[in-house]
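Since every read-out is calculated from the coordinates, none of them should be taken as a lab result. Keep in mind the model is a prediction, meaning the values are calculated, not measured. When we count neighbours, we look across all protein chains shown, and the Cβ atoms used for this are built from the backbone with ideal geometry, even at glycine.
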Amino acid sequence: MNAILALEDGTWYRGVATGAPGEAHGEVVFNTSMTGYQEILTDPSYAGQIVTMTAPQIGNYGVASGDAESAAPRAAGFIMREASPVASNWRSDSTLRDYLIAHNIVAIGDIDTRALTRTLRSSGVMRGIIATGQVDPAALVERARTIPSMEGSDLVKEVTCERPYEWRERAAASGDVEQREFGITPQRTSSKRLRVAAYDFGIKWNILRRLDAYGCDVHVFPASAPASDLLAIDPDGLFLSNGPGDPAALPYAIENVKALVAADRPTFGICLGHQILGLALGGKTFKLKFGHRGGNHPVKDLASGAVEITAQNHGFAVDPDSLPANVKVTHINLYDGTVEGFRHTGKQIFSVQYHPEASPGPHDADYLFRQFLDSMEPR
Amino acid sequence: MPKRTDVTRVLVIGSGPIVIGQACEFDYSGTQACKALRAEGLEVILVNSNPATIMTDPEMADRTYVEPLTPEILEAIIAKERPDAILPTVGGQTALNLAVALAENGALERHGVKLIGAQIDAIKVAEDRLLFRDAMKEIGVEVPRSGVARSLEEALVLVDDTGFPAIIRPSFTMGGVGGGIAYNIDEFRELAGRGLDLSPVHEILVEESVIGWKEFELEVMRDVADNFVVICSIENIDAMGVHTGDSVTVAPALTLTDKEYQRMRDMGRRIIRRVGVETGGSNIQFAINPDDGRIVAIEMNPRVSRSSALASKATGFPIAKIAAKLALGYHLDEIPNDITRLTPASFEPTIDYVVVKFPRWNFEKFPQADPTLTTQMKSVGEAMAIGRTFKEAFLKAVRSLELGKAGRLFPEDSDAALMEEDDTALRRRLVVPTDKRMWAVFKALRRGWTVEQLHELTHMDPWFLQQFAEIVELRKMAALGEFREMSIDMLRTLKRTGFSDADIADVFGMTESVVRQRRLEEGLVPAYKRIDTCAAEFESFTPYMYGTYEQVCEAEPTMRRKVVILGSGPNRIGQGIEFDYCCCHAVFGFREEGFETIMVNCNPETVSTDYDTADRLYFEPLTFEDVMAVIERERSAGGDVACVVQFGGQTPLKLALDLQEAGVEILGTSPDSIDLAEDRKRFSQLLWDLGIPQPASDTVVSREDARKAAEKIGYPVVVRPSYVLGGRGMAIVFDAPSLDRYMLAAVDVSHDRPVLIDRFLEDAFEFDVDAVADADGGVVIGGIMEHIEEAGIHSGDSSCVVPPFMVAEKHLVTIRDYTRRIARALKVIGLMNIQYAIKGDVVYVLEVNPRSSRTVPYISKATGVPMAKIAARVAAGKTLAQLGLTQDLQAAGVFVKSPVFPFVRFPGVDTILGPEMKSTGEVMGGSDNFGTAFGKAMMGAGQQLPESGTVFISVNNSDKPTVLPIARDLASLGFALTATRGTAAYLRAHGVEVDVVYKVNEGRPNVADHIVNGTIDLVINTPLGRDSFFDDRAVRRAATMARKPCITTLTGASAAVSAIRALRTNTLTVRALQDYYSGVTAEA
Ligand SMILES: Nc1ncnc2c1ncn2[C@@H]1O[C@H](COP(=O)(O)OP(=O)(O)O)[C@@H](O)[C@H]1O
Ligand SMILES: Nc1ncnc2c1ncn2[C@@H]1O[C@H](COP(=O)(O)OP(=O)(O)O)[C@@H](O)[C@H]1O
Ligand SMILES: [Mg+2]
Ligand SMILES: [Mg+2]
């Protein structure tokens, strides 16, 4: 079946439908990872976004239950050069196509994804629509222009959990046990199990798997839960998760995090959690032209000088000049110098913009979970 | 951290002659390293015995030594040049092993030289299979069950544990030399024995087989600060059991989940750390069990490798260059990425296309060789292709191989033909991997065999088989209708999938031009995408491109005056690195003449495909379609586009006429002149008119004509197809029956082109001449090279020397005169190569190649004048006079070129030389006298001449008088002589002391036994004729295997004698090319 991708700038591409029939609306972004399309599809941070994979052959190894980052695909739509009709891997449960159809995700293939990527690189991310069947490109372009933009819109409420839960039970229930042959052994595990209260702004399961592996019992709370709920369980540490969209559009979250900061517990933030923390500490965030999405971004640890190859997925960043004196930048991106991490000089509070939990991506930054452990254990 | 300050003079070790498993990828890496080091202000001393390399160009290093790669010679160079460091990681296994040798014999300490890039311990852990295995255990990385043996007894114990099939892998070897798969105890005995013998440390690993597992490679880099990046992952389509060098491979890995890939990456990091490679690139191989994901490490190469060359070309990340900088102490994040400029090298390239590498084998040249692919590499070259999809890249790779008709994936045009081969035979060809297996896969798919069946039989991952099946399906669908009715969508789909115009024409039995016509009418032309290391995330500043059928083109051609230089494609015997060397010089020359240079080539091992060699690089197959598409795209900007075809060997020549007909201006010698020289009929006529003698000859198409012609000419005759290189399909025929046999066989080699019959000049002296000619009839002779072996042995296989050492001046005068007249008659503009033979008192012309030749780099090194570059400037319009070349060139010393053969890898293959070229590479030895130069050349070629010991002599009757003085000399040099009965009798009759040994068929212990036992140090054995054929073979094979020099010609023998004399009298001195050129003597 034919499909069309139309962008707000008036360009459109003809391709073939490689997922569910219908329409997908969203912000069109590109991801340069060569592996891990399933993890990307299921990463809640992609809510509201149509993801273009720059790697041309997608779906080769199918999808496997163990590789999901949330209960279902969260991306609004999916764009690729060539979709594999078969799944070739001993772990796969189904082909990508069947998976997309089963979860009603609209996808388009046979697209000059490199041309598309270059457009997004030069004119910045754009709103767009994928529509299958016989459709009028011009009309689609018009409608693409009416899609609400990311700035200012709260996408978190669409992906956060409804009620608090304990990861261990959830994992046990959903059969998501950490996979022996892949889960890298923690650098060390805590002597006693630690209690962590985590805000779910769209949390990736691998963050929970890693915290669990390092010896933490993680209690997950909805984004809307008041800070007092988290503090009520007397946590050894607080965690602020990744998530979709514009941090500035989440005043309630920022307020809650301010309260947590005041409570002065060891705190660790990732991605959106990092941005919210930045705002809570008095900083500002801004939108990047085309964001960072991929598994090959070099990040420098300013303290050690070491370079980590990191997994990234964000469209907004913290403005370093806006940060107060008691907040010190600890990591920067070697591509564009943007802030990749900071810590509070007076408190056990730190966060990173990128994804130490990887999945997909390299494991270079796994040490940050140990660092979190170090900050919690003294209590 | 700034670069280290304790290093100012670095010795870079090259990899020596081209051999199977170590080809021109190490010219690419060495050249990059030299450039990088000098850019950092270091003084570079380079040593490499291979003259056909860019790295040995005098301007690439401060001091350049073309000397044998032995520990002794290297120590002499170190003593003379006093480098403070050695970079051993860019010269392949050769350089690595030399570094170890220099460390162990104390040379490094003696001269206070340190290693940079990799330390001895690291090298040992990586290369010593036992140490490696234990290191892996230590860091919890699984390896196949295995044990190390230093004797057959030990090996036999081990195999009880591993069981069969058992894998045998020698330590410190490369390309799997001496390795293999043993399926039973007898095979095991044989392979283990050979492995022990071929390992420099006489140590083998006996290993549990994981045949059929998926094989992967990681190209990784590490800096002193322990920063680690993976440059590229490579997946082998042929499963474990077929050497990576013989496997069709793809980048990036396409069948791994992120979980599996990251686990492999983690292991890669642990491994390079544990092995202790401080800085630089390494290649790590893994095997994964497709049924449960179990992963084991196979090996690590602590150096840049063939795969790093591939990875560099596949990603645009210059591994060797970066490795050199890291060795100087830079951190990855302190080095900019040339392509994006704004971002650092401390990242992992991500690619938005698919790269396929296909090996090129040469079994047709070794009929007795076993084409089964095992753990020992057998291919001689490779082609790489890039496409947006696997299917496109794969089909482009196949056509890049230049296999002609034999290379077509869909050769059978009728169902009958398709079903001819019976299932059992086909199944066998799928189960037992050979150079032809991929074609068997396509045949099976066309016969309806399922992906599952094929996976069972070949162990190829079902995903790849599925891709092949889709190609077969699409072609079937296309074949349903008439071409005229084919929808534009179908045509587009075919092109997008990678089908060439020729492939499509083939479906309908039409000519390529019909398809081309229709395609252009439909406006279907390729777009060119850039290779930018970052999947378009950042702007790219290097025009490194590949063609694909997509909408948006990124070529951005300029308006400048341009020249398209056609490369030489995949290496094969007869067309190797020499031609890439010439192509690079063509770039240099045209650039000096103000042209924008555009390179088209598909061989990833080459310097010409480095993105900073030419101004613009198109990594494309060298077919008419692909080349024309590039030219048309470049024209689209308006600048005028010419093409030059004389530097890339035979490959571009084949395109010359078609390109010209398509309206492309060919610079330099015109296609018509080329045809005049290549078409023997026209050429004979020309020589006739010029009154220049040539062996009586004729061209024939049928057996009958052949017989008639041969009768007329008189036996023996040389027969060959026209338009060949490296004497392909060439033979010396002594009688009518063998002539018939040849004619029967010949047809398919010669692609229906006529067969040439020449009178064979027996015992004639052969000469090679390289010359440059300009449009005004100016001709400069680069050199007259005298072959050591007589005519009848392919010019590429015989040693030769400049200046000539035993030929009458009057003949040289004649040769110069003929050369000039032929150049003018052919209106040659640029390079020309002529082969002459002198018999009796007559100088004959054997052939003229109106193009660069194998010997151009060698002559350029010998004279210090870059002939190929000169030729390019002449082709660009300059006259020789304008370039200050008014007279013939002089060699700066005495230089001998010697060939290197792959026989060790092909047990059972006869090692006798003939008119069909068999050597893979060459070395050069230089001195002020012939003996030493020849000795060095032999040494460089691994044929260490003995200075004392026993010489075995066995020659045919006609040779006996000539061998007498040689025998006398050897005796007087204190050698003991043994000979076969006849020869011995003759020598004794003339008062030479000599023992008698049995011929192989006379009983035992016979001469072969003696050679194997090492009681014979030198073999002089000229062919004894058909009757004792078997005997000769056995002797020569024994010598090859025991690595004892075996000389099959008397001229060679007397050369060897003078060499031995020289080696014994004066201790070897080394001399830099720069000193030869400036006349500084060895002692200085
Ligand atoms: N245990 C094994 N089982 C099956 N095949 C093997 C095994 N070990 C090596 N091989 C095959 O042999 C090839 C050469 O082995 P390798 O150690 O890489 O030697 P080299 O140093 O020549 O590259 C590998 O590419 C792989 O295909
Ligand atoms: N008429 C001949 N008599 C003796 N030897 C010949 C004759 N023709 C060719 N040869 C031998 O065969 C070799 C290959 O022939 P050549 O024409 O050079 O083929 P190629 O084109 O492969 O170089 C020559 O180097 C020479 O040694
Ligand atoms: Mg090796
Ligand atoms: Mg190997």
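A few remarks follow.
- Region A:189-208-region A:40-107 distance, computed between alpha-carbon centres (Å): 26
- Net length gained if the chain between B:V432 and B:I211 were fully extended (0.36 nm per residue, minus Cα distance): 78.4 nm
- Summing Lys and Arg as +1 and Asp and Glu as -1 over all other residues whose Cβ lies under 9 Å from the Cβ of A:Q38 gives a net charge of -4.
- Quotient of C-alpha Rg and 2.2 N^0.38 Å, computed over region B:537-605: 1.31
- Computed over the alpha-carbon atoms, region B:329-383 gives an Rg to Rh ratio of 1.29, Rh here being the Kirkwood radius from the mean inverse distance.
- Within 10 Å of each Cβ in B:535-544, the average number of Cβ atoms from other chains: 5
- In region A:1-71, the alpha-carbon atoms span a convex hull of 115 Å³ per residue.
- Remark: the B:K476-B:V813 segment gains 115.0 nm on full extension, using 0.36 nm per residue and subtracting the alpha carbon distance.
- Calculated over region B:301-346: convex hull of Cα atoms, volume per residue (Å³): 67
- Other protein chain C-beta atoms within 10 Å of residue C-beta, averaged over A:297-308: 4.
- Binning all Cα-Cα separations of region A:110-205 at 10 Å, short to long from zero, yields these whole-percent fractions: 10, 24, 24, 22, 17, 3, 0.
- Unit Cα scatterers, Debye sum, the protein assembly as shown: log10 I(q)/I(0) for q = 0.03, 0.05 Å⁻¹: -0.15, -0.41
- Shape summary of region B:178-246, radius of gyration then Dmax from alpha carbon positions: 16.3, 50 Å.
- Inter-chain Cβ neighbour count for A:86-94, averaged per residue, equals 5 (cutoff 10 Å, partner chain atoms only).
- Prolate is the label for chain A. Its Cα gyration tensor axes, ordered a ≥ b ≥ c, give a/c of at least 1.5 and a/b above b/c.
- With helices as the sole contributors, the protein assembly as shown gives -10000 deg cm²/dmol at 222 nm; each DSSP H run of n ≥ 4 counts as -39500 (n - 2.57), and the sum is divided by every residue.
- Simple spin-label estimate for B:A881 and B:L657 gives 3.6 nm between the two label positions (7 Å along the Cα-to-Cβ direction from each Cα).
- Between region A:318-379 and region A:266-308, the Cα center-to-center distance that results, in Å: 7
- DSSP beta bridge pairing in the protein assembly as shown, given as percent antiparallel to the nearest 5: 65
- Span from the region B:796-823 Cα centroid across to the region B:548-589 one, whole angstrom: 33
- Length gained on full extension, B:L152 to B:E521: 126.0 nm, using 0.36 nm per residue less the C-alpha separation.
- Convex hull volume per residue in cubic angstrom - Cα atoms of region B:1-112: 99
- Over the Cα atoms of region B:881-1024, the radius of gyration divided by the Kirkwood radius equals 1.07; this is the Rg/Rh ratio.
- Residue pairs, from the table A:K284/B:K259; B:K357/B:K405; B:K810/B:K960, whose Cα atoms sit over 26 Å apart: A:K284/B:K259; B:K810/B:K960
- For the options A:E255, A:E169, A:E158, a Gaussian network treatment of chain A with springs between C-alpha atoms closer than 10 Å singles out A:E169 as fluctuating the most.
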